[in-house]
Amino acid sequence: MKIFITGGTGSLGTHLIDFLLHVPGESHHFIVFSRDEQKQFQMALKYVDNKRRISFVLGDVRDQQSIMDAICHYQPDIVVHAAAQKHVKISEHNPMQTVLTNIHGTSHVVRACLANNVKVACFISTDKAVMPTTLYGMTKHIAERLWVNASKKSGSTTKFVGVRYGNILNSTGSLIPLYTRIMKESKYPIFPVTDEQMTRFFITFNQAIGLIIQTINASLYGYLLPNCKIDTPEIYTIDRDIFRIPKLPVMRIIDVANIFAEISGGEVKIIGAFESEKLSEAMVLGYDSADSPFATIDEVRTILIDEGLLPSKE
């Protein structure tokens, strides 16, 4: 089976490929589509022993012809659309670039999948697309609508599915890598928190991968890794009959910061939320991080230790 991943050199794409490559008895072929040639070069070196199972295509979802040509050439069975401009603050300052990637790019992927009869196309969305207040959230909200519209195309053989979840622990550009860098590089670390009431849903890489595989399996009747056991969160609901919404732990950002401050001997500083930033996020209407049970600080610490993001207390 051929699996095409847009944004394949990003943190989610690389974790997904790394997991699937090491499943015994499976021989899927991966096509990594991204615009970062240096990351593709580094990834090729990392997987030199599996070079026959990975193809690299330099391209940009914003360029309709490049994504169309790539999918037409490789004729993948599955497309995972993970490419996105996802940094919230950067998106606010670069609105046109964010629109081009997250909206136009998604439209181009949809057209390429439809034109080439891809079996399953899986969209990676975010809780920030629900009742969005930031530019990033708004573009992902519109991208979701494009995906839903594509699923209703009469005569199409492509099954459009998706997942929507919160922040991935330790993903590139997220909170944990920032705190880790501050702790390592500063003699007197200060961990910024925008607001004491800030809450977020969190998911691990393995849970995100499990959710993606589960979602694709539901459309392929279990053909993708049918016998593989993977950590998959319980499903809360399926929004619009497309987007699988998992049940996830809710963390107070102040608790995460306090844990890092405790370990490093640093301190926490409240810096204030930036314009349009919400104190809580919703996975779907009626499922908001502000109204969900919070993980205790000990539970947060355990999650971070289990994920290898903090040293054990032993």
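Find, to one decimal place in angstroms, the Kirkwood hydrodynamic radius of the stretch 30-140, where the mean of 1/r is taken over every pair of different Cα atoms and then inverted.
Here the Kirkwood hydrodynamic radius works out to 14.9 Å.
Would you mind telling me which residue in G162, G59, G265 has the biggest mean-square fluctuation in a Gaussian network model of the chain, where springs connect alpha carbons within a distance under 10 angstrom?
Ranking G162, G59, G265 by mean-square fluctuation puts G265 first.
Under 18 Å between alpha carbons, and skipping anything fewer than 8 positions from K278 in its own chain: which aspartates and glutamates qualify?
E92, D127, D195, E196, D255, D288, D291
Taking the simple approach of a point 7 Å from Cα along Cα-to-Cβ for both L45 and H93, what is their distance in nm?
3.0
Stretch A115-Y188 to full length: gain in nm at 0.36 nm per residue minus the Cα-Cα span?
The span from A115 to Y188 would gain 20.7 nm if fully extended.
Taking the mean number of other Cβ atoms within 10 Å as a proxy for protection, how do you rank 14-24, 249-259 from highest to lowest?
249-259, 14-24
In whole Å, what is the distance between the alpha-carbon centres of the stretch 272-289 and the stretch 59-89?
29
Stretched out fully, how many nm does the piece from R240 to L285 gain, at 0.36 nm a residue minus the Cα gap?
15.0 nm is the gain from fully extending R240 to L285.
Whose amide H sits under 5 Å from the amide H of K2, counting only residues 5 or more places off or on another chain, with H placed in the peptide plane?
H29, D77, I78
Once R0 is set to 45 Å, what does the formula 1/(1 + (r/R0)^6) return for the Cβ-Cβ distance between Q197 and Y221, expressed as a FRET efficiency to the nearest 0.05?
Here the calculated transfer efficiency is 0.50.
Would you mind calculating the relative contact order of the stretch 108-200 from Cα pairs under 8 angstrom and at least 6 residues apart, reporting the percent as a whole number?
Answer for the stretch 108-200 is 28 percent.
Along the stretch 89-96, what does the Karplus equation 6.51 cos²θ - 1.76 cosθ + 1.60 (θ = phi - 60°) give for ³J(HN,Hα), rounded to whole Hz, x for Gly and Pro?
Using θ = phi - 60°, the values come out as 5, 4, 4, 4, 8, 9, x, 5 Hz.
For a 23 Å ceiling on Cα separation, which of these pairs sit above it: K119/K153; K89/K187; K46/K86; K46/K140; K128/K269?
Long pairs (Cα-Cα over 23 Å): K89/K187; K46/K86; K46/K140; K128/K269.
Just round it to a whole percent: the fraction of Cα-Cα distances in the stretch 110-200 exceeding 23 Å.
The answer is 45 percent, as a whole percent.
Cα centroid distance between the stretch 1-58 and the stretch 156-217, in Å?
If we compute the Cα centre of each part, the gap is 21 Å.
Every number in this text was worked out from the coordinates using simple rules, so none of it is lab data. Quantities reported herein were computed from a predicted structural model and do not represent experimental measurements. Virtual Cβ from ideal backbone geometry, glycine too; neighbours counted across all protein chains shown.
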